[in-house]
Amino acid sequence: MDMAYEDIINTLVSEEVGGKYLPEGTSHSYPVIGIEEGVLVDCFFVYRYIPIRNEFTPPTQKIAINSCDKKNVYYENIGVINVESADSQAAIKIVSDYSKEERWLASKKYANLYMKVKTFAYHSQLSIEQQKTLCEYLKVFNVLVPKNQKAYYVELSPSFFEWTSKHS
């Protein structure tokens, strides 16, 4: 049985699973749906957030968790996700077209939409209701994620974003 969104996050930060890969002073991304050997996984990247300067560093690790058995599917120390403009040495100012309040409100919707999309992710055919849910998920995702972090999310799970472009 799949975990609830909060359980996914708790598993990520637990010592037994992802927590051992989250060095002190780092943050993790919002989850993105991925697929590994036919199994849906929750994919994250790890980066450093510098709140006083509103900056982040390029991701240094990728982690995927199998929600069904609460196990690490993979962990990869990547240095920097392969994105052309990434500078592994410099922190990057967060750039968003949305206010902090708009992003906060989007974060409240994201968990619910993420779990709904996960129930039909990678299906070849979607109902009209599923298409609407997917469009709403992408709208919230685009508000929530700063535009200069989006490429890292796409690189985290390219197959998911290819699937969304075919069905939204």
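A few points about this structure:
- Options 153, 114, 110; residue that is in contact with a strand residue (DSSP E or B) (Cβ under 6 Å, 6 or more places away or on another chain) and within 30 Å of residue 55 (Cβ to Cβ): 153
- Residues of the range 12-66 satisfying the condition of being β-branched (Val, Ile, Thr), in contact (Cβ under 8 Å) with a residue 40 or more places away in the chain and over 21 Å from residue 144 (Cβ atoms): 17, 35
- Any hit, the range 143-166, residues being of a type in the set (A, V, I, L, M), in contact with a Leu (Cβ under 6 Å, 6 or more places away or on another chain) and crowded, with 16+ Cβ neighbours inside 10 Å: no
- Considering the range 10-32, the residues that are under 25 Å from residue 95 (Cβ atoms) and outside any loop (DSSP other than H, G, I, E, B) include one that is farthest from the chain's Cα centre (by Cα), namely 27.
- Of the candidates 165, 159, the single residue that is in a helix (DSSP H, G or I) and without any contact (Cβ under 8 Å) to a residue 24 or more places away in the chain is 165.
- In the range 97-108, the condition of being under 15 Å from the mean Cα position of the chain (by Cα) and at pLDDT 95 or above is met by at least one residue.
- Test result for residue 122, in contact (Cβ under 8 Å) with a residue 60 or more places away in the chain, within 17 Å of the chain's Cα centre (by Cα) and part of a loop (DSSP other than H, G, I, E, B): yes
The values are calculated or read from the model by the stated rules, or taken from the named source; none is laboratory data. Being a predicted model, the structure only gives us computed values, none of them experimental. No Cβ is skipped: glycine too gets one built from the backbone with ideal geometry, and neighbour counts run over all protein chains shown.
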